[in-house]
Amino acid sequence: MLTMADGGRVVVAGAGLAGLRTVTELRERGFTGQITLIGAETWPPYDRPPLSKKVLTDEEVDPSLKADFAALDVDFRPAEAATGMDAGTLATGRGKYPYDRLVLATGARPVALPGPGRQRFLRDYDDALALRALLKPGLRLTIVGAGWIGAELATAAAARGGRVTVLEAGPAPLTSAVGAPVGAQTSRWYAAAGVRLRTGTSVDSVQPGGLALTGGGWIDADEIITAVGVRPATGWLEGSGLCLENGVAVDSGLRASVPGVYAVGDCAAFESRRFGRRLRFEHWDVALHAPEVVAANVLGGDEVYDPVPYFWSEQFGRMVQYAGYHGDAEQLVWRGDPAEPSWAACWLAVDRLVAVLTVDRPRDLLQGRRLIASASPVDVGRLADPAVPVKDAVLSERCRLHAPGQRPRNPRLTLVFGECPDVGHWIRGTDRPQNRRSRR
Ligand code: FAD
């Protein structure tokens, strides 16, 4: 067990948000040993969310995270990529770094389309600077992929006067992120911004001057940006003996399969106790907070990372926020009319809220995230009513929704039926009709 008194050597591979937050947390927790931070990019750590937003349109915006490595006493090695590891040593193109603990925070890389034509991406600061120089009035730009990044790119390119076409293989924008029924509600935003959206359109290859479509068809384009998703940047770990499953497979304490090795951020697939499976998120909030757990455990702790995941996107003048995980949801509940400026979509599994997406309803998001964390049963009618605060959709203890004939989860409860004064319809109660005042 590494203790602060031992000193010891911690090496962190990847100098993005998760890598920087890891070294900062280690120092804040009193670690006095040696820390080396290895980053493939030439830039010191910076924030990625602004790259697809303000950085594309505003030259004044600086995404730097303003790390002070001298004050942190961290040996920062920019422009140096890790190339392999074994138990006790990390190798780069320049040398070998012995470690007592190794933290992998190498993030993710964009997926490329086949074909010899030029395609651009938006993952790092250099990409964003190149795109900002490119986005000019009249530019015929085709963006492949109507996911989060594609939508934000289309927003910026349209604002700069580009003639923007977005191609999406799925039936609606955001299909892979939130499903077609919810994603389809964002289609009208593209049209209103003057962006041509073509769904159900799959690209076969990128060619000089345009795109060849699957099954025939061609689209002319001056410039092509591919935004069809990312993969964990873990290719360099193949053959290292680490278990890799959609990223570095880690337990709920973010420990990898090799003792002394941890992973965090976009490259880490962690055991989520809350959702009962291994999950990997590409969320800024994960890169911000998971390093707290890694740092604690590197220093000998036994903390668990089990968040209600959170993500946001700014597209076409709207703030879209998502919390939770809807993989096991059985029911989708609309909160407000998606044709209106603000609304929300709620996913439920049985009677629990498991995920929420909000459009310009930040309070719903906040309360929804807390509700997901609490795993309290909700009243669907109240949840669907945008005039009722999300927190007030919780069924009080004596007002648990019950379908007649359903067996109670708690066998000590005997069913009685009556009208709940809080929610106004049939409830599951205790065997005493005049049961205790609800605890709310
Ligand atoms: P990264 O930020 O990818 O950092 C990993 C670093 O490791 C990189 O610098 C990489 O070059 C380096 N690296 C890779 N391989 C090696 C190697 N072999 N050796 C050394 N270094 C290596 N999330 C949101 O919640 N909301 C948003 O609005 C949002 N907008 C985004 C916009 C863009 C354009 C992008 C790209 C992402 C956005 N995200 C957003 C996602 C969020 O930024 C990421 O989840 C977060 O940056 C992940 O941080 P990370 O440190 O794990 O990985």
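A few comments on the model shown:
- Under 19 Å from residue 391, Cα to Cα: aspartates and glutamates that are on another chain or at least 8 residues apart: 351, 360, 364, 379, 422
- For segment 70-147, a/c is not less than 1.5, where a ≥ b ≥ c are the root eigenvalues of the C-alpha gyration tensor, and a/b tops b/c. That puts it in the prolate class.
- Euclidean distance of C-alpha centroids, segment 1-62 and segment 172-248, integer Å: 29
- Out of every Cα-Cα pair that the chain contains, those further apart than 37 angstrom amount to 35 percent.
- Contact order relative to length of the chain, as percent, for alpha carbon pairs under 8 angstrom and 6 or more apart: 12
- Applying Stokes-Einstein at 4 °C and 1.567 mPa s to the Kirkwood radius of segment 218-263, computed over alpha-carbon pairs, gives a translational diffusion coefficient of 99 µm² s⁻¹.
- By accessible area, using a 1.4 Å probe on protein heavy atoms only, segment 192-275 has 45% of its surface on carbon and sulfur.
- Other-chain or far-sequence residues with amide H under 5 Å of residue 225's (modelled H): 120, 142, 143, 144
- Ratio of Rg to Rh over segment 1-160 (Cα coordinates, Kirkwood Rh, two decimals): 1.06
- Each pair of Cα atoms in segment 1-92 enters the Kirkwood radius, and Stokes-Einstein at 10 °C and 1.306 mPa s then converts it into a translational diffusion coefficient of 110 µm²/s.
- For segment 353-394, the gyration tensor built on C-alpha atoms gives an oblate shape. Its axis ratio a/c (a ≥ b ≥ c) is at least 1.5, and a/b is not larger than b/c.
- Whichever lysines have a C-alpha closer than 28 Å to that of residue 96, once near sequence neighbours (fewer than 8 apart) are set aside: 66
- Beta bridge orientation in the chain: antiparallel %, DSSP, nearest 5: 60
- 5 angstrom amide H check on residue 83, placed H, neighbours 5+ away: 91, 92, 93
- Translational diffusion coefficient (Stokes-Einstein; Kirkwood radius from C-alpha pairs) of segment 316-363 at 37 °C, 0.692 mPa s, in µm²/s: 299
- Solvent-accessible surface of segment 207-257, taken per residue with a 1.4 Å probe and all protein chains present: 41 Å².
- Rounded percent of accessible protein surface that carbon and sulfur make up, segment 43-152, 1.4 Å probe: 52
- Phi to ³J(HN,Hα) by Karplus 6.51 cos²θ - 1.76 cosθ + 1.60 over segment 309-318, Hz, x for Gly, Pro: x, 9, 9, 9, 8, 10, 9, 6, x, 10
- Amide H contacts of residue 205 (H built 1.01 Å from N, under 5 Å, at least 5 apart or other chain): 212
- Within the same chain, lysines fewer than 8 places from residue 136 are excluded, and of the rest, those with a Cα less than 26 Å from its Cα are 53, 54.
- Heavy-atom accessible surface of segment 1-122, averaged per residue, reaches 46 Å², computed with a 1.4 Å probe.
The values are calculated or read from the model by the stated rules, or taken from the named source; none is laboratory data. Note that the structure is a prediction, hence the values are computed from the model and not measured. Accessible surface is based on the protein model in full, side chains and every heavy atom, while ligands, DNA and RNA are left aside. Shrake-Rupley method; radii C 1.70, N 1.55, O 1.52, S 1.80 Å.
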